[in-house]
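Only one structure is covered here, and it is reproduced in the block below.
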């Protein structure tokens, strides 16, 4: 999961980023107008954590610009207010959820996971994303930073299976059975899967697919 924190309270912003990083969630902080615009408009994020009271721009303008660029990014409002009318307005217009400060960081993570799951269900799982990689199941195509990536059928099938199981460390046996549709012990201990993982890393980047204990593979 990739998260952008738009919050003018530097201490709170840094603490959120630090805690999410400890939980293996990629998070970046944005403390100024220039910084948020450069990051939110030029990069893709699964979740944006947006402070409702920023001194340099109205929350509505930020949400509008984010939605104009990327409709699938989840927006969670961070607020110190309990006023129901405002909360209803946020949720009806742009926001996917909200949290009232101070909040528990584990609850924040649970809320982020929930809104990302809802987004995936709403899209009927036709689009799968991880970082800047976008796999379109209907068009059978893959983009990286909005540029098309040419993949063989096996490369595409392997990438699709890894993306459909994001954050899950997949065993070789699972991958062989669901991508190659066969399994025997000789095949499992061959280097076939390693070769195709190498192909994908070469077409994207080395850290895109992680290896766990030399035996499991996953995408975050």
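Screening residue 63 on (1) modelled with pLDDT of 85 or more; (2) closer than 26 Å to residue 128 by Cβ shows it passes everything except condition (1).
Considering 167, 198, the condition of being out of contact with any strand residue (DSSP E or B) (no Cβ under 8 Å at 6 or more places or on another chain), at pLDDT below 90 and loosely packed, with under 15 Cβ neighbours inside 10 Å is satisfied by 198 alone. Checking each residue in segment 82-117 for being surrounded by fewer than 17 Cβ atoms within 10 Å (Cβ to Cβ) and either at pLDDT below 75 or in the same structural domain as residue 164 (by TED's automatic domain parsing) (or both) picks out 82, 83, 84, 85, 86, 88, 89, 91, 92, 93.
With the structure loaded, tell me whether residue 78 is closer than 13 Å to residue 6 by Cα, in a strand (DSSP E or B), touching a residue at least 60 places away in the same chain (Cβ under 8 Å) and in the same structural domain as residue 7 (by TED's automatic domain parsing) or whether it fails that test. Against the criterion (closer than 13 Å to residue 6 by Cα, in a strand (DSSP E or B), touching a residue at least 60 places away in the same chain (Cβ under 8 Å) and in the same structural domain as residue 7 (by TED's automatic domain parsing)), residue 78 qualifies.
Being at pLDDT 75 or above, over 15 Å from the mean Cα position of the chain (by Cα), outside the structural domain of residue 7 (by TED's automatic domain parsing) and crowded, with 16+ Cβ neighbours inside 10 Å is a description that applies to residue 160.
Which of the residues belonging to segment 24-39 are in a helix (DSSP H, G or I) and either surrounded by fewer than 22 Cβ atoms within 10 Å (Cβ to Cβ) or within 13 Å of the chain's Cα centre (by Cα) (or both)? Selection gives 33, 34, 35, 37, 38, 39. The numbered conditions (1) under 26 Å from residue 44 (Cβ atoms); (2) modelled with pLDDT under 80 are all true for residue 183 except (1). Which residues, taken from segment 118-143, are within 22 Å of residue 41 (Cα to Cα), at pLDDT 80 or above and either more than 14 Å from the chain's Cα centre (by Cα) or loosely packed, with under 15 Cβ neighbours inside 10 Å (or both)? Within segment 118-143, 136, 142, 143 qualify.
Set side by side, the residues 13, 21 differ, and just one is in contact with a strand residue (DSSP E or B) (Cβ under 7 Å, 6 or more places away or on another chain), surrounded by 16 or more Cβ atoms within 10 Å (Cβ to Cβ), free of Cβ contacts under 8 Å to residues at least 24 places away in the same chain and part of a helix (DSSP H, G or I), which is 13.
The values are calculated or read from the model by the stated rules, or taken from the named source; none is laboratory data. These numbers were taken from a predicted model, which means no experiment stands behind them. For neighbour counting, all protein chains shown are included, and Cβ atoms are generated from backbone atoms with ideal geometry for every residue, glycine included.
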